[in-house]
Amino acid sequence: MTTRDATLPDQLPNPVPRPPLELTRLEEIWETPRGWRFFKSVNNTNIGLMYIGTAILFFILAGILALIMRVQLAVPDNDLVAASTYNQIFTMHGTVMMFLFAIPIVEAIAVYLLPNMLGARDLPFPRLSAYAFWAYAFGGLAFFCTLFWGLAPDGGWFMYPPLTGMKYSPGLNADFWLLGIGFIEISAIAGAIELIVGILFTRAPGMTLRRMPVYAWAMLVVGVMIIIAFPAVIAGTALLELERAFNMPIFDPERGGDPLIWQHLFWFFGHPEVY
């Protein structure tokens, strides 16, 4: 070893004494819990794995709904499912694919991969990641189960009013869609905040934005798009629920409302989600 090599900063001993048994205690803290305690963990690896698994589950469920629709349309006058049930399956398939798979799988993979790419031990707010996952998992499963009680939405995954107003869609079917999607989008926004803060503030020393992996850049852009676009659909669902619950003429053209407002709010969200 040359004199120059011996003076490198990473070759120098740490002048600060470490607490006794520090590494052992940290390894106990970092160890993955076993049994049912695994589901209480908040580190990015475990949350990411559960996130990915749940998103794949919804993908499979949406695929089963798609197969039912294909079988129904395979021959003329097929009576496999009733017309009302087919409308519910059609709506649930599109909703699950867009809201419960497309964006969640992107965030799930990012939660799992980004800390290792950035040289961080974990994301900055582990409990926020856990909240985003569990809100998505419980909310999504509860929303999907409405299909088994005949309460699934049947107005199309885009839920255009006035078709989804009380006049043409009485009952609670549309209300379950509006309330469920609102909570699911809040979960997506929480995950986006976690990713944005993690990318901007937990990179390894020396990893400037110009040296950051391309995937991290992509997820930073995705997170910003979610923060900007998703509140629009939350506002739209809140307005439509107010119309349905309190008879407000927000989207009803017969009483001075404008159904195009829904389309503007929905696609202000929908196009960035696709991109």
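The values are calculated or read from the model by the stated rules, or taken from the named source; none is laboratory data. What you see is a predicted model, and the numbers here were worked out from it, not measured in a lab. Cβ placement follows ideal geometry from the backbone for every residue including glycine, while neighbour counts extend to all protein chains displayed. All accessible areas refer to the heavy atoms of the entire protein, side chains included, with ligands and DNA or RNA removed. Shrake-Rupley method; radii C 1.70, N 1.55, O 1.52, S 1.80 Å.
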Determine which single condition Leu178 fails, assuming it passes every other condition in (1) closer than 25 Å to Met92 by Cβ; (2) touching a Phe, Trp or Tyr at 6+ places or on another chain (Cβ under 9 Å); (3) in contact (Cβ under 8 Å) with a residue 40 or more places away in the chain; (4) part of a helix (DSSP H, G or I). (2)
Within the set of pairs 6+ apart or on separate chains, which have a first residue in segment 73-101 that is farther than 10 Å from Pro153 by Cα, a second that is open to solvent by 70 Å² or more (accessible area, probe 1.4 Å) and among the aromatic types (Phe, Trp, Tyr), and C-beta atoms under 9 Å apart? Val96/Phe59; Met97/Phe59; Leu100/Phe59; Phe101/Phe59
Listed by range, helices (runs of 4 or more DSSP H) wholly within segment 1-114 having at least 3 residues that are more than 31 Å from the chain's Cα centre (by Cα) and at pLDDT below 95 are 3-6, 22-30
Qualifying position, being surrounded by 14 or more Cβ atoms within 10 Å (Cβ to Cβ), in a loop (DSSP other than H, G, I, E, B) and not basic (Lys, Arg), among Met248, Met225, Met219: Met248
Looking only at segment 249-270, count how many residues are in contact (Cβ under 8 Å) with a residue 40 or more places away in the chain and on the phi > 0 side of the Ramachandran plot. 0
Consider only pairs whose beta carbons are under 8 Å apart and that are at least six residues apart or on different chains; among these, list those whose first residue lies in segment 36-50 and is under 11 Å from Asp122 (Cβ atoms) and whose second residue is open to solvent by 90 Å² or more (accessible area, probe 1.4 Å). Val42/Arg127; Asn43/Trp30
Please work out which residue is nearest to Phe144 (Cα to Cα), limiting yourself to segment 92-132 and to residues that are open to solvent by 50 Å² or more (accessible area, probe 1.4 Å) and among the charged types (D, E, K, R). Arg127
Looking at (1) open to solvent by 40 Å² or more (accessible area, probe 1.4 Å); (2) touching a residue at least 24 places away in the same chain (Cβ under 8 Å), which is the only condition Glu273 fails? (1)
Going through segment 129-166 one residue at a time, which ones are free of Cβ contacts under 8 Å to residues at least 24 places away in the same chain and in a loop (DSSP other than H, G, I, E, B)? Leu163
Does Ile89 satisfy being farther than 26 Å from Leu151 by Cα and surrounded by 15 or more Cβ atoms within 10 Å (Cβ to Cβ)? no
Of (1) open to solvent by 70 Å² or more (accessible area, probe 1.4 Å); (2) closer than 28 Å to Phe148 by Cα; (3) of a type in the set (A, V, I, L, M), Ile181 satisfies every one except (1)
